[in-house]
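Contents: one structure, followed by commentary.
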Amino acid sequence: MQQVSAEGRAIDNAINLPENGAERQEFRLVTPVRVIGHISRKDLAEDRNARAFRLLGRIVADHLELACDRCLVLFETEVREDLDLLFLPQSNNVARAGEDDRGLGQNELSVSFYRDDQIDLSHVAWEQIVLAIPMKPLCKLECKGLCPHCGVNRNVASCSCVRDNMDPRWKVLKDLLDL
């Protein structure tokens with residue numbers, strides 16, 4: 001971080017993220033993640049030796065492998081997320097911990113911390129990718145999913161299972177609609 005001036009400098013880093021925890025997230029990075037942007041330095045008023053760094057840029061994961069939530073087929077997608085992060089020294093965070101119980105404000109959601117003049121971009125990249133993944137990833141919007149009776153992938157083949165297992169409480173409403 002010593003080579004970052006007040007004007008800043010451009011960064012373009014390819015990061016191989018560790019796969020520990022990927023099985024819990026149900027995704028896999030096929031290629032390295034790129035962090036592209038501009039990082040600049042700002043002296044902190046309360047401590048002239050401490051510096052804050054601002055990263056404006058983008059996280060790019062061109063090949064991210066996910067499992068479809070409906071049919072369980074693996075598919076590839078990409079993540080491209082804009083970044084606007086402020087990095088503060090870890091010691092400032094520790095000094096302010098527990099001062100109040102107000103929770104995080106909107107402007108504090110984009111704050112991260114660094115230690116020993118090192119900013120861990122792999123942590124930032126991992127966090128941004130996890131946040132960008134949809135809660136229910138789909139291989140395609142029209143995915144038909146798996147048959148709940150025989151388990152066949154309805155996108156690939158059709159089955160002869162009877163799909164008229166209606167809850168008897170809805171029969172009266174169905175009869176009204178069939179009139």
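Quick one: net charge of Asp82's neighbours, Cβ under 15 Å, K/R +1, D/E -1? Here the charged neighbours net out to 0. Remark: Trp126, Trp170 ranked as Trp170, Trp126, counting other beta-carbon atoms within 10 Å and listing the fewest first. If the cut-off is a Cα-Cα distance under 18 Å, which lysines reach Lys136, setting aside same-chain residues fewer than 8 apart in sequence? Lys136 reaches Lys144.
Read the figures in this text as sums done on the coordinates, not as results from a lab. Bear in mind the structure is a predicted one, so any value in this text is a computation, not a measurement. Glycine gets a Cβ as well: all are built from the backbone with ideal geometry, and neighbour counts include every protein chain shown.
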